[in-house]
1. Structure shown: which of A:Lys501/A:Lys557; A:Lys9/A:Lys40; A:Lys715/A:Lys736; A:Lys163/A:Lys435; A:Lys557/A:Lys662 lie over 18 Å apart, alpha-carbon to alpha-carbon?
2. Please turn the phi angles of region B:217-223 into ³J(HN,Hα) values with the Karplus equation 6.51 cos²θ - 1.76 cosθ + 1.60 (θ = phi - 60°), one per residue in order, whole Hz, x for glycine and proline.
3. When you count, for each residue, the other Cβ atoms within 10 Å and take the mean per peptide, how do A:620-631, B:164-175, A:657-668 rank with the highest first?
4. With +1 on each Lys and Arg Cβ and -1 on each Asp and Glu Cβ, how big is the dipole of the protein assembly as shown about its Cα centre, in debye rounded to the nearest 20?
5. In a shell of Cβ-Cβ distance under 14 Å around A:Lys759, excluding A:Lys759 itself, what net charge do Lys and Arg (+1) and Asp and Glu (-1) give?
6. Just need the relative contact order of chain A here, percent rounded to a whole number, with Cα pairs under 8 Å and 6+ apart.
7. Which value in deg cm²/dmol, rounded to the nearest 500, describes the helix-derived mean residue ellipticity at 222 nm for the protein assembly as shown, given -39,500 (n - 2.57) per DSSP H run of n ≥ 4 and division by the residue count?
8. Using the Cα centre as the reference, give the magnitude of the dipole from point charges on the C-beta atoms of region B:129-192 (Lys, Arg: +1; Asp, Glu: -1; all else neutral), rounded to the nearest 20 debye.
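Bear in mind that the values in this text are calculations on the coordinates, not laboratory data. Source: prediction; values computed, not measured. Note: ideal-geometry Cβ built from the backbone for every residue, glycine included; neighbour counts use all protein chains shown.
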Amino acid sequence: MLISCNRLKKYITDAEDIDFLHLWDDFTLRVAEVEGVTVKGDDLDGVVTAKIIECEKHPESDKLSLLKVTDGEKEYNIVCGAPNVRVGFVGVLVKDGGMVSGIKIKTRKLAGYPSEGMMCAVDELGIGSDHDGILELPSDTPLGVDFKSLYPVEDIIVEIDNKSLTNRPDLWGHYGIAREVCAITNHELLPISLLDIPDDKKDLDIEIANPELCKRYCGLEIKNLVNNKTPLEMQIFLHYTGMRSLNLLVDVTNFLMLELGQPMHAFDERVVKNIRVQLANDKDTFTTLDGVERTLSKDTLMITNGDKYFGIAGIMGGLDSEILPDTTSVFIESACFDAGSIRKSAVRLGLRTEASARYEKSLDPNMCDVAIKRLAYLLKQENPEMEITSNLTDIYPEPLLPKTVVLKKNKLKKYTMIHFTDEEVVNSLTSLGFKVEVLDDAYSVIVPTYRATKDISMDADIIEEIVRLYGYENIKEVPLKLELTGKEEDTVWNKEYDVKKFLASRYSLNEVHSYLWFDSDLLKECHLEKQNVSLLGKNENNILRDDLSLSLLPMVKNNLKNFDKVGIFEIATVIINNENKRRLSILLADEEKNMKDIYMNAKEIVVSLFQTLKHQKIEWQKEVPDGYYDENLSYAILIKKKTMGYLKVFNGVCTRYIGKKKALVAIEIDFDEYVSLPVLETLYQEVSKYPTVTLDYTILTSKNMKYEDLLKILKPFYNKFVKEYKLVGTYEEEKKMKYTMRYILGSEEKTLESKEIDKFKEKFMEHITKNGLEILF
Amino acid sequence: MKEKVLKLKEEALQELQKLNKEADVLNCKAKYLGKKSKLNELLSSLKNLSVEEKKEMGPLLNQTKKELEEAFSKKLEEINSQISYDFDETLPVYVQTGSLHPITLVAKEMTDILKRMGFTVVSGPEMEEEYYNFEALNIPKDHPARDMQDTYYLSNGKLLRTHTSPNQVRAMQKYGAPLKVCAPGRVFRNEDMDANHENTFFQLEGMVIDKDISISNLIYVMRSLLSETFKKDVKVRLRPGFFPFTEPSFELDCSCLICGGKGCPTCKNSGWLEFCGCGMIHPNVLKESGIDPEEYTGFAFGFGITRLAMMKYKIGDIRVLNSGDIRALDEFEIE
């Protein structure tokens, strides 16, 4: 929102004592964020009032005129392109050596004639956007006077961040800002001039059908408004604060909105019959002032007139009610609507206006009648002959009364660790318009209604008012005293980090972050239909993932464009059976020919996640977690019969999705289970004093025999001296498979004798041959 | 005979001199000093000599043997101490490492600092109930944040949490007061994406509740946290702000990290950078979670870890973070 300091000065006593250029850092710290301060009028110099005394057409140009202009002392030849020039016209002249819009003006030849300066339009003067003609001043304006001394061209414009005013409906007008400036600088706020409206005429026909949505509606009829020209001072103000000046009747409503924050509307009185505030019918259409036809809903609050829609309440009027060039009588609306209803309608219609932005903040209904009296006052300044032809008709079903809040003194102390005197508290609160009664241990505070609609309702709110004026920067920091021990949840966070670090440092994997929903293209390309919780109002990428590994495939695919080999992981949320679950997913991808390598790598990662970090032994069980995984290579990871996750291989369709001739293996760990799985304590085992014997046997099997099958044969063989046996090598031949097994024999009690070793050898050979296998020597 | 011995010695020493491998020296030693060596032959033939000759040749042979033995030992020692390897030690090495996500690194750093101050790290669900995300945080039904335009509502009546603040409510309801927790986590906003906007990003929430917690404590914690995070003395200041779940609410600025507060283009010459929102926990929020606001007060703060990570690592485009592009993410070493 843009604030004019010239305007603020009108509401503040001894305003000249205030440094309006440097006030705003303080304002940011005490009230709301100031985004910028701009000085106006300093790019204008040597600009004086002047009268055209001769006016001739340029002999060779249709558009140009040759003027003789006087500033009362000297005459100037001016070549001018404006269409509205005439003898007797009083306007603004920038003389040779002067400056407009920061550009120096010098005497020069224009279309063959010397021009000793320039007559200015409002856009050139920086006080308007119009360039239809040069600015005309009243004919009785004294000549040769500095334009800047006659009109408020020099100003300081302050931009305040709208977001920081969200909870301050009172600051959406200059008067509210002036109140804060007064509070910060210890000045008095002046009352504004209003017009008394006698209650001796007819009431207007106004009715509120939905009092829960329309808190108050004030109407006033004014006739004989013959002057519809906005005074230049107001035009400059409107321009500086971002509004377009149109005509007096429209401008004055905008002025009121900028002054008091109260949106107002002037309807052409000729068409007004009876005003109703009521909800629209679903799907009706209505054309707003901007000429756009809009579709209404049953929740849209409307102003109707004679059973026809007249305006969208609090947002925008209709095309039919517009002020026309010949309008001389108006119906003024000053109303207060429910914030939520206006906001929803504005969002639904995609139509946010200056008015709706203010209503959304919960305006004070007690401002409605004040604003209408102020508007009447301002109109009367320009139209002394105007007639008020109705009572100020006021429909106000439930008047809002000031609220009383009690603030305990010790609570103020508790929040701030500062001892405020009663005087300090009373002064700061009264400067903001609050009334304070000092009690023994508390303050009883009457909150003015302009602060009570939303912002202030309890003691903590009052504390904020006192402390912000005192200055947050004056609060000293104090270390926390309390000692608290960690809660058990802490460990979850630690474990998550430990696992990530383990995977990145030991297995050189890259951590990624992805989205909670499936990529629609992925599902489409892999011919998958996922049924899960979905995002409302979205058709793409709207299904929440129930499989972290699957959802990461697009990332694998994209990375394979840059790398031959990819290893990524993420610990993230999936949604399964309407519940949040944490999952760790690791994806390894490589060339198709390297499938065995990455599969074994994945298997090693799984084993080390459980064995290295948890000291837990896992078991594998062939299981397919979902239809799109391979039946032969997918395994469940079990600990004590409980599924902890899967080592899984995608089917051909999903694997092809990441690229041609690629291999892809996934690990998915139920991280909630993983975190709660304890790290097994291992006890010390004494190292045997006696030497061990190592025996390697290469066993020849048929090609289709897997290691798993060999183990089934080896497992039942028992010899009390076998401490350990393991696979140390495999060798694949055309038709046969060779497994080299290493047996380690030993005893805790003695050194083995050779006959004991020979006995083992004999029995082992016997066992192998009995099972139809052969040992190679 | 004497000359023979001297010649032999000379021969042995000359041969030895040319050698520089351990095995060759040992062979050479065997040749001249071994059982079948000439010297040994001469020694064993001593007994056949006359007494006089024995007197002359005995010491000479022994002396020669000793000298040669010493020469061989010396040579062997020389070779052993001189062992050299033949390879190019200037070749480079490549360390294969993975990477942690920048958010993980920043979150870890921040939570470590908070843990040292006694905060417990808690977490909560990403798919959240409206109650925890809005109602319990004093966010009224008609608040703009509750619009579809901002919030991802779900087909099961829940939503994706729009901030980490529901963790406040969950922690209060689980543990009661006093309490000192922080909660890093992923949050979601229904936004169109560009270089500065993401629909999925990370926040860090912090909350302290006890008897007599004041704004002074809040300032202390925030200044300490920021000073430790940025590893320099950072000043903080509070400005009025507005959040439904705190009262008073503040916007917290920290002194500009680039210019230190003097004013520069980064801080738009103000000397301050907007850092986060914070405030004293709203009495309604305490009440809703069963904590008596007359007995307890508290403060809470919340900021974007994503933005912090972007500041710290100078990441210009927020979309990099959720791209999964290893070319970009691999830069982040494990700490």
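1. Beyond 18 Å between Cα atoms: A:Lys501/A:Lys557; A:Lys715/A:Lys736; A:Lys163/A:Lys435.
2. Per-residue couplings from phi come out as 5, 4, 4, 4, 5, 5, 5 Hz.
3. Order by mean packing, descending: B:164-175, A:657-668, A:620-631.
4. 6420 debye
5. Taking every other residue near A:Lys759 into account, the sum is -1.
6. It rounds to 8 percent for chain A.
7. -9000 deg cm²/dmol
8. With Lys and Arg at +1 and Asp and Glu at -1, about 420 debye.
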